[in-house]
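Novice: Mind having a look at this structure? Questions to follow.
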Amino acid sequence: MRVNTLKRAAVAFALALPGAAIAAVIAAPAAHADGCYTWNRTLNQGRSGDDVRQLQIRVAGWAGNRDIVELDGRYGPKTAAAVKRFQQAYGLRADGIAGPQTYAKLYQLQDSDCTPAHFTYSELDDGCGRGGYSGGPLSEAQTRQNALETMWKLEALRRSLGDKPLNVTSGFRSRACNNQVGGASDSQHLYGNAADVTSRTSSLCEVARGARNNGFSGIYGPGYPDHDDHVHVDSRRENNSDRSSNTTSWSAPDCGIGAGND
Ligand SMILES: [Zn+2]
């Protein structure tokens, strides 16, 4: 009885509202205070700001074949295309505009420390068992930030491979660790910018081929010396602190991936 009365009252209230007000009530997204980051406006091409940059970090893994999304805080065509691929990958309406639907998916994916659902800082930290993000050429904070950006690309790769787990066998390496394992003297691992990946469910070639679409400009896999048991992915094109040029470098000859040409 009482419920019915309330229902009738609600209907009467809705009918009493002018059309525009009803639309506003329906369209307004629920206030969502997210533990990591909350967007407060819809973003599309032409917008700029830190909120765009925060979005770019999370969609950079959807850059498309051989491309990258620069984390410059400017919502250009590449950002829009990446948002569209992200939306397609998660079954959202793919319009390249970041609004409530897109944010809701991102909130669902991001943990309170801003890492994506399936990767953690502790999974990518010092590969020689000492933990942490210090002892490299960059500050600890910058190294962690690079690791975070790497994780969002890995999340995209994982999704692209059908949501099957990826294992990171080596992420950041301090200088001491890199020496210990005989890594290249200017390895991207030193910057928190790289991950060595294995999978129980996807072949290494599937991982290497897939990674070409996920914003990784460095890929080494089967057929490249010492890379028959993992796939190395990195973001060397975006690394302005290392000694190598900002170009793409790929090689996994056993997977049909040539020296940066495929
Ligand atoms: Zn590696």
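The values are calculated or read from the model by the stated rules, or taken from the named source; none is laboratory data. Here the structure is a predicted model, which means the values were calculated and not measured. Heads up, the Cβs are rebuilt from the backbone with ideal geometry, glycines too, and the neighbour counts pull from every protein chain shown. What goes into the accessible areas is simple: the full protein's heavy atoms, side chains included, and nothing from ligands, DNA or RNA. Shrake-Rupley method; radii C 1.70, N 1.55, O 1.52, S 1.80 Å.
Novice: Quantify, in whole percent, the carbon and sulfur part of the accessible surface of the chain (1.4 Å probe; protein heavy atoms only).
Specialist: Accessible surface attributable to carbon and sulfur in the chain totals 50 percent.
Novice: A further question on this structure: For a quick check, take a GNM of the chain with Cα springs below 10 Å and name the residue from G132, G210, G162 with the largest mean-square fluctuation.
Specialist: Ranking G132, G210, G162 by mean-square fluctuation puts G162 first.
Novice: Let me ask something additional. For the chain, give the magnitude of the charge dipole about the Cα centre (Cβ charges: +1 Lys/Arg, -1 Asp/Glu; no others), in debye to the nearest 20.
Specialist: It works out to roughly 1240 debye.
Novice: Sorted by average packing, counted as other Cβ atoms within 10 angstrom per residue and highest first, what order do 244-255, 146-157 take?
Specialist: The most tightly packed comes first, giving 146-157, 244-255.
Novice: Kindly report the accessible area of the chain per residue (heavy atoms of protein chains, probe 1.4 Å, no ligands, DNA or RNA), in Å².
Specialist: Heavy-atom SASA per residue in the chain reads 49 Å².
Novice: A further question follows. Give the relative contact order (percent, whole number) for region 50-125; include only Cα pairs under 8 Å separated by 6+ residues.
Specialist: 20 percent
Novice: Calculated from DSSP H runs of 4 or more alone, at -39500 (n - 2.57) each and per residue, what is the 222 nm mean residue ellipticity of the chain, nearest 500?
Specialist: Estimated from H runs of four or more residues: -11000 deg cm²/dmol.
Novice: G96: net charge of surrounding residues, Cβ under 11 Å, Lys/Arg +1, Asp/Glu -1, itself excluded?
Specialist: +3
Novice: Could you calculate the FRET efficiency of T42 with N167 from 1/(1 + (r/R0)^6), where r is the beta carbon distance between them and R0 is 35 Å, rounded to 0.05?
Specialist: Once rounded, the FRET efficiency stands at 0.45.
Novice: Out of all DSSP beta bridges with both ends in the chain, state the antiparallel percent to the nearest 5.
Specialist: Once the DSSP bridges in the chain are tallied, antiparallel ones form about 80 percent.
Novice: Name the helices (complete DSSP H segments) of the chain with a Cα length along the long axis of 15 Å or more and a Kyte-Doolittle mean of at least 0.5, or state none.
Specialist: 2-16
Novice: Turning to a different aspect of this structure: What's the FRET efficiency of T247 with D50 using the Cβ-Cβ distance as r and R₀ = 30 Å, to the nearest 0.05?
Specialist: 0.60
Novice: Under the definition of Cα pairs under 8 Å and six or more residues apart, what whole-number percent is the relative contact order of the chain?
Specialist: Relative contact order of the chain: 16 percent.
Novice: Related question: If you only keep lysine pairs separated by 8 or more in sequence, or across chains, how many in the chain come under 16 Å at the Cα atoms?
Specialist: For the chain, the number of qualifying lysine pairs is 5.
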